[in-house]
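Here is the structure we will look at.
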Amino acid sequence: MTDAYTSFIDGNYQPARSITKVTDYNGEVLYEWNDPKETIWSQGTTEKVRAMLSNSMQNGTGKWAKVNAPYAGVKTGTTNNYHDYWVMGLTDRYTTGVWIGYDIPQTMEEIEGDRPSHLIWRDIMQ
């Protein structure tokens, strides 16, 4: 999902890569990804989605994830019976997703008020 959220930075999609290039000892590039960007959202759609995600951070369920950046926005989620907590979001430069849960689902209702996924997301993005 974080790969998809990167398209809300500027309306373009380019596959996410953990390693962007490989260099030798002298800094010579041995391999570098050359994925072209593909425009998948119009400017108007991108602006609307960014406004909704930003509003979630400013006034909604994402306010505990608030970071100081030129742009930041999030979408939060909790599954039935408090089995999963997650936050997906982006700044003007980075996209990150955080999931909190158990491999074998069980309730985590007792930590609902602690907002662990929000705080982890915030700490990563600061």
Inset, instruction - With +1 on each Lys and Arg Cβ and -1 on each Asp and Glu Cβ, and nothing else charged, work out how big the dipole of the chain is about its Cα centre, in Debye to the nearest 20. - result: 480
Legend entry - Per residue accessible area in Å² of the chain, where ligands, DNA and RNA are left out and the probe is 1.4 Å: 67
Inset, instruction - Any lysines with Cα under 20 Å of the LYS63 Cα? List them, leaving off those in the same chain fewer than 8 positions away. - result: LYS48, LYS75
Inset, instruction - May I ask you to give the percent of accessible area on the chain that is carbon plus sulfur, with a probe radius of 1.4 Å? - result: 50
Legend entry - Zone of ASP114's modelled label, taken as backbone nitrogen in segment 49-86 under 20 Å from a point 7 Å along Cα→Cβ: 62-66, 76-86
Inset, instruction - Determine the shape class of segment 1-41: with a ≥ b ≥ c the square roots of the Cα gyration tensor eigenvalues, call it rounded for a/c under 1.5, and otherwise prolate if a/b is greater than b/c, oblate otherwise. - result: prolate
Inset, instruction - Would you please classify the overall shape of segment 27-112 from the alpha carbon gyration tensor, given that a ≥ b ≥ c denote the square roots of the eigenvalues, rounded means a/c under 1.5, and beyond that prolate means a/b larger than b/c while oblate covers the rest? - result: oblate
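The values are calculated or read from the model by the stated rules, or taken from the named source; none is laboratory data. Predicted, not measured: the structure shown is a model, and the values here were computed from it. No Cβ is skipped: glycine too gets one built from the backbone with ideal geometry, and neighbour counts run over all protein chains shown. Remember, those area values only see protein heavy atoms, side chains included, never the ligands or the DNA or RNA. Shrake-Rupley method; radii C 1.70, N 1.55, O 1.52, S 1.80 Å.
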